[in-house]
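J.: The structure under discussion is supplied below as structure tokens; questions concerning it will follow.
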Amino acid sequence: MGILFHDIRSPMAALKTVADFVEDDNENLNESTMELLKEMQKVSAQGLSLVDNIWAIYELENKDLSTVKSPVNVHDVFDELMQEFEGKSALTNIKFEVYSITTVINIHQYLLTSVIRNLLSNAFKFSPSGTNVKLNASETKDNVLITIKDQGQGFSKEDQQNIFKKFQKLSANPLHNEKSSGLGLYVVKLICNKINATIELKSEQNKGAEFTITLSKN
């Protein structure tokens, strides 16, 4: 399964890398070529996200990853994600604000990064241009709290009953020509269960959404 995943993912990753590289050297590109380049970046990113989520589901449903832990600095995870979403922030004209802490917790780093990435991806996907997406970390004596807040379409009461189900299509429609597989929030819930984290949603339809992940320091 791992070999198949690698063989599917590698061409998509290569395509996105080439598109990113060409965009960085765009002095001689005309407007229509730039539009095609942006479309290539978007499609390859969507493909990578889908493949990564399918692989994550396979791993989470079939393997015990709860014991694979190491000391992880929350700031390092936030810094990686800030760089990763800079392009999407510019492309969608959505301001991305990051407020970090340097607390170190013992956790599976890939799973922590993945759960935040999925929530950020959703925040950008369902928020209109000109709004803000915020990634914030805070701490108490025993816990680290990570919050992802947007000013997007929010969730209806009915949606909130179903958001963590597999292949669940909700009432909100993706913006910026994005597509939704219905897997992202299912993966989020699976990961939270694996790392013994809780996740809470505060939202009203058309008034944005705020997800808070609570992680134990121990």
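J.: Which whole-Hz ³J(HN,Hα) couplings does region 30-36 yield from phi under the Karplus relation 6.51 cos²θ - 1.76 cosθ + 1.60, θ = phi - 60°, glycine and proline marked x?
T.: Calculated HN-Hα couplings, in order: 7, 5, 5, 5, 5, 5, 5 Hz.
J.: Can you list the chymotrypsin sites (Phe, Trp or Tyr not before Pro) in region 101-184 that are in a DSSP coil and have 10 or fewer other beta carbons within 10 angstrom?
T.: Phe167
J.: Could you check the spin-label model distance between Ser70 and Lys207? Points 7 Å from the Cα along Cα→Cβ, value in nm.
T.: Reported label-point gap for Ser70 and Lys207 is 4.3 nm.
Where a number appears in this text, it was derived from the coordinates with a stated rule and is not lab data. Since the structure is predicted, the reported quantities are computational estimates derived from the model, not experimental observations. Neighbour counts are summed over all protein chains in view; Cβ atoms, including those assigned to glycine, are modelled from backbone coordinates with ideal geometry.
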